[in-house]
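Quick notes on the structure that follows.
The values are calculated or read from the model by the stated rules, or taken from the named source; none is laboratory data. The structure presented is a predicted model; accordingly, all values stated were derived computationally and were not measured. Because the Cβ atoms are built from the backbone with ideal geometry, glycine has one as well, and the counts that use them run over all protein chains shown. For the accessible areas, the whole protein counts, side chains as well, though only heavy atoms, and no ligand, DNA or RNA atoms are used. Shrake-Rupley method; radii C 1.70, N 1.55, O 1.52, S 1.80 Å.
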Amino acid sequence: SDQAGDRAAVEDHTEELVQEAFEASKPTLIEAPPSSGKTTKAQKRAAEAENPVTYLCGRTDLYDEAQEFFESEDGVTAEKIPSPHRDCPSFKENEPGNEERLKKLYNKGYSGQKIHYSDPETAKTPCMDDGETCNYISKLSSIEEENETIDILIGHHSHAHRELYVKDRIVIFDEFNAGAFLSQYPDPESDISDSPRKIIPELLDNL
């Protein structure tokens, strides 16, 4: 039918655009309608790329789908970039540790790694007690050591901030989330208003 032909034409054109983007020397934005095959074509091309790739998307449920696809391709190694929210027991609710305090520090810009090696009075992370190494830190160390041998790193748009994950790699942003690169003050998810009378005491209390 004409509709099927139109859809096939859109998908073919999307594939051409993806191919051109991989060969481009400058960042390239692909705009295409929903269900035009952007994700599928980009993942397929990433799996075939000679250079290592970092594949970044905005939802954690897409990480597993991407990893499953990449690992189904012969000879392709793929690893998910760890997150303290997903991989650290101290960040989880109803677990030992000061979960609320840790998330506040993380939202202020402290890296997950820095939080784990902070003074216990600043950030309580029992996952590092008694000589144990947190699962998050273990995964982070593994990626740092094996980065050059990992074909595809999978993570969130915000991981583009870290040079290790993007240097000498083709970087794919699946969709685009400007929020990963913007900070709004006060945080819209907090109960802090923009009144200095409230912000300043809150700041002092959390130093």
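Under 17 Å between alpha carbons: how many lysine pairs meet that in region 62-116, if sequence neighbours fewer than 8 apart on the same chain are excluded?
4
First compute the accessible area of region 1-128 with a 1.4 Å probe, then give the percent of it belonging to carbon and sulfur atoms. Please report the intermediate quantities before stating the final value.
Working: 3570 of 8040 Å².
Reported share for carbon and sulfur atoms: 44 percent.
For region 1-144, with every protein chain kept in place, what is the accessible area per residue (1.4 Å probe, Å²)?
I get 62 Å² per residue for region 1-144.
Can you work out ³J(HN,Hα) from phi for every residue in region 54-68, in order, using Karplus 6.51 cos²θ - 1.76 cosθ + 1.60 and θ = phi - 60°, giving whole Hz and x for Gly and Pro?
Along region 54-68, the couplings run 10, 10, 10, 9, x, 10, 5, 5, 7, 4, 5, 4, 5, 5, 4 Hz.
Just from the alpha-carbon atoms, what are the Rg and Dmax of region 35-134 in angstroms?
Computed over the Cα atoms of region 35-134, radius of gyration and Dmax are 17.6, 52 Å.
Cβ under 14 Å from TYR55's Cβ, TYR55 left aside: what net charge do those residues give with Lys, Arg +1 and Asp, Glu -1?
Summing Lys/Arg as +1 and Asp/Glu as -1 gives -3.
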